[in-house]
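Heads up, the thing below is written out as structure tokens.
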Amino acid sequence: MSAAGPSQGARPPGGERREATLGGNHTTAAEPPQGARPPGGERREATLGGNHAIEAQIDLPAAMTGLALAIAVALWWVGSSRLALDHGTDAARGAADALKTLWLVRGMALAMLSVRAGALYGWRRGAKGGLGLISLSWPVVALAWSASAASLTLVVLAELLLLAGSAALPLIGLFLRRWLRRVDFAVMAGTAIGTALAAALWVASGSTYMPLP
Amino acid sequence: MLRGLWPLGLALCAVTDAIAQPRIDLAATPAWNGWTRPGRATEVDVRLSADIATRATLDVVAGRQVVRAELDLAPGRIVRLQVPIDSSEEVAVSAGSPVAPPQRRDVRIAQSESPLLGVGIVTGDPVYLEGFHTVRLVADDLPRNASAYASVDALILDAPTLGALDRRQLGALLAHAAECGRIVLLNPDPGVRHVLDGMGGCGGRAVMGAATLADAKEMLKSSLATSFAPAISLVNIRELAQPGRVTWNRVLVLVAAYFAIAGLALMLVRSVPVLLLVPALATVAILVLLHAMQPPTQLVVWSEGESGAQFARYQAWQLFPGLVRGHTRVPVLPQLASARTCEPGQPMRFDFDADRGRLAFADFDTRLFRQVSLCYSGMVPLERVIAIEARPDALLNVRNAGRTAWPSGLLLAGGLAHDVPALGPGDSTIIRTERGKQRRDAPARMAMERTQADRVAALWESDPGDAADVTTERKEWLLLTAPRP
């Protein structure tokens, strides 16, 4: 019951809670009334008066991050393919690099955002944010796979692993919040764990034993 | 009662016959007495027979290339195939049928780092040419596929060896002569010499006649001091082909369209199902569109010859642009000779037409942006004769001295390109040499690179005309050189 909620004065007009973003300042996210807070200090999923349509909305900043990552990698890959075509070299290497980069940056971003989002807003919003981050790169993944020599199984498994991560990582945040019983501690711990996971992924990506696509 | 058993016995015999397993005999010998050079094409001579009629499949595996042939074997008949292959130290030849155990023969092919000198003389005199590795040959060691002549750098053949060559071997030898292969004929039969002289490419300088072995060696030595026009590399071909950026442009458009739609969907709709549906549907749509918009195959043919020669040699490249991950089966062009893969590292399977003795289909894997190519080479009859006469005031009189009309083209002289109009037989035109242009396009650049300083050249780009089908984009050039006036 010690979760540090924002002051009433920080609430938006009308007392509704806005959808807080993954990157948003958690202290501005309105907490439900104390009486509505579930045991253990967890926050409910944010709703606007219990509107399920709003509940089904995406987490825009996470999705925009996913789109930006996809655009950046796509531009780089398309450019490197053009250079390879102009020089008569094999474009498959650039495509394989694009696949690996896409997987790695999405994995790292997922690790950094999902644990924190899970601690802040609960599992559902964390998972939605993760989906937004991952899914928008699928067409680029499909194109890069078409141009590479990577096995389809490995690419599909890598995407499934990211999906599993988007479902599992918010649970870590949720667990932290329940265990630490304070949102600010949980967010700090979640951020630290997410960063450590992202760093571990980065280090592991250099290992020859890492079966990246 | 015994009479009643006869039909049963006969039936049993028939059944035994029907289920008897055929025994396939397989033998394989490499051309050039088992020698080649790294990266050069060669040939394996395969002999197959069976004791009862059966259908067999022959596989010849050389490096990453597989040649497969389906054969109908008849008892008592030996089927003999000369299969062109890529250079490889180990060649696995196997034959099998659904009802016979597979047979396998491993053929070892030595790869010489030094240039190879093939010597086919019956006297057995020792032949040594500095820097060359000498390979002793008998008539049967010479290949039946012209492409296999790439294995040797020079050849000395005497009259008995020439006389022992079969028709296909002679055809391959003539094609090699037309492609500027260095050949010294030792006391050849005048008729054979005449034929080879007529066919010899590079102005007939590559085919030489000698009275003694010592003369032959001297001729080869002096010939080696002259470099004939080398084969055109794949890099230069890409410049000639200017492979359209159609695929790349399409991918760029698809990616841009997807990002625009995804951005709009994020801004306007914002629902989770849409978030999942947009990329999923876009992925499917992009893959379907890639499958649906197969760009045409490109065929690039570069022919070159000397004015007045009977034949011009050509090199051709068939380029298959890749769009999707998958498997492609394409027919090998029957009108072009000596088909092979342009890149030995490219895995490819060829179907060999045993009746015609040539490759019929090629199978290979494709992927987006990957361009797989088949190479061809051979000779074509040449009917163009160009007569160039120097006139005062830096003028050149260019006359069509042949019996066929020319289309408009380019005259390359002194490092400059001059437009030449279409000329009928006997017609002529005046070229002002100082009014030439520096042409920077790939065909003109290639033509200048391949024209010796003491020669002038005419370059024509052929009109694809009705020979081009809609699935093939053809580009053809003919380079004709003549002495500088």
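Under the definition of Cα pairs under 8 Å and six or more residues apart, what whole-number percent is the relative contact order of chain B? Could you put the intermediate results ahead of the total?
On the way: 1035 pairs, mean separation 54.6, N = 485.
That works out to 11 percent.
Around the amide H of B:Arg474, modelled in the peptide plane, lie the amide H atoms of B:Leu299, all under 5 Å away and 5 or more residues distant in sequence or on another chain. Backbone phi angles across region B:366-383, fed through the Karplus curve with coefficients 6.51, -1.76 and 1.60 (θ = phi - 60°), yield HN-Hα couplings of 10, 7, 4, 6, 8, 10, 8, 9, 10, 9, 10, 7, x, 9, 10, x, 10, 10 Hz in residue order; Gly and Pro are listed as x. Contact residues in region B:290-332 (at least 20 Å² less accessible area with all protein chains than alone, 1.4 Å probe): B:Arg325.
Evaluating kT/(6 pi eta Rh) at 4 °C and 1.567 mPa s, with the Kirkwood radius of region B:116-224 over Cα pairs in the Stokes-Einstein relation, gives 96 µm² s⁻¹.
Ranked from largest, the principal axis spans of the Cα set of region B:246-292 equal 35, 16, 9 Å.
Using R0 = 22 Å, the C-beta based FRET efficiency linking B:Arg245 and B:Val284 works out to 0.30. The alpha carbons of the protein assembly as shown occupy a box of 114, 110, 49 Å along the principal axes, longest dimension given first.
Local charge sum around B:Asp72 (other residues, Cβ-Cβ under 11 Å, Lys/Arg +1, Asp/Glu -1)?
Values: positive: B:Arg55, B:Arg77; negative: B:Glu70, B:Asp355.
Summing Lys/Arg as +1 and Asp/Glu as -1 gives 0.
Buried accessible surface for the B/A chain pair comes to about 3100 Å², total over both chains, computed with a 1.4 Å probe.
For region B:87-233, what does the relative contact order come out to in percent, with C-alpha contacts under 8 Å and a separation of six or more?
RCO, region B:87-233: 17 percent.
I need the helices of chain B that pass two filters: whole DSSP H segments spanning 20 Å or more by Cα along the axis, and mean Kyte-Doolittle score no lower than 0.0. Spell out each step's value before the answer.
Working: long enough: B:2-19 (26 Å, 1.31); B:246-268 (33 Å, 1.86); B:272-292 (30 Å, 2.49).
Those that pass (Cα extent of 20 Å or more, hydropathy at least 0.0) are B:2-19, B:246-268, B:272-292.
Here is the P(r) of chain B: all C-alpha pair distances, binned every 10 Å from 0, give 4, 16, 22, 21, 17, 10, 6, 3, 1, 0, 0, 0 in whole percents.
One decimal place: the segment B:Ala360-B:Ala27 gains 117.6 nm when fully extended, by the rule 0.36 nm per residue minus the C-alpha distance.
Cα centroid separation, region A:57-104 to region A:167-184: 33 Å. Could you tell me the center-to-center distance, by alpha carbons, between region B:348-410 and region B:222-290 in angstrom? Using only Cα atoms, the two centres lie 30 Å from each other.
Could you work out [θ]222 nm for chain B from helices alone, using -39500 (n - 2.57) per DSSP H run of at least four and dividing by all its residues? Round to the nearest 500 deg cm²/dmol. Write out the running numbers ahead of the final one.
On the way: 9 runs with 117 residues, N = 485.
The per-residue figure over chain B is -7500 deg cm²/dmol.
Grouping the Cα pair distances of region B:24-111 into 5 Å bins from zero gives a pair-distance distribution of 3, 16, 29, 23, 14, 10, 5, 1 percent in increasing distance order. Peptides B:174-186, B:439-451 ordered by packing proxy, namely the average of other Cβ atoms within 10 Å per residue, highest first: B:174-186, B:439-451.
Estimated at the nearest 10 Å², the accessible area of A:Ile193 is 60 Å² with a 1.4 Å probe.
Legend: residues A:Glu159, B:Glu218, B:Glu343, sorted from most to least accessible area (1.4 Å probe; ligands, DNA and RNA excluded), read B:Glu218, B:Glu343, A:Glu159.
With a/c under 1.5 counting as rounded, go ahead and sort region B:143-203 into rounded, prolate or oblate using the C-alpha gyration tensor (a ≥ b ≥ c being the square roots of the eigenvalues; past the cut-off, prolate if a/b is larger than b/c, else oblate). Taking the square roots of the gyration eigenvalues as a ≥ b ≥ c, region B:143-203 is rounded. Rounded to the nearest 5, the antiparallel percentage of DSSP beta bridges internal to chain B is 75%.
For region B:84-152, the C-alpha radius of gyration divided by 2.2 N^0.38 Å, with N the number of residues, is 1.45. Coordinate range of the alpha-carbon atoms in region A:61-205 per principal axis, descending: 60, 26, 23 Å. Of all lysines in the structure, not one lies under 20 Å Cα to Cα from B:Lys221 without also being fewer than 8 positions from it along the same chain. Protein heavy-atom accessible surface, 1.4 Å probe, per residue over the protein assembly as shown: 46 Å². Shielding value for A:76-88 is 4, the average number of Cβ atoms from other chains within 10 Å of each residue's Cβ. Take each residue in A:61-74, count the other chain C-beta atoms within 10 Å of its C-beta, and the mean is 3. Shown is the FRET efficiency for A:Trp179 and A:Ala200, computed with R0 = 22 Å from the Cβ-Cβ distance and rounded to the nearest 0.05: 0.55.
For region B:116-224, what % of the accessible area comes from carbon and sulfur atoms, probe 1.4 Å? Let's see the in-between values first.
Working: 2380 of 4160 Å².
Accessible surface attributable to carbon and sulfur in region B:116-224 totals 57 percent.
The values are calculated or read from the model by the stated rules, or taken from the named source; none is laboratory data. What you see is a predicted model; the values in this text were computed from it and never measured. As a convention, Cβ positions derive from the backbone with ideal geometry for all residues, glycine included, and neighbour counts pool all protein chains shown. For the accessible areas, the whole protein counts, side chains as well, though only heavy atoms, and no ligand, DNA or RNA atoms are used. Shrake-Rupley method; radii C 1.70, N 1.55, O 1.52, S 1.80 Å.
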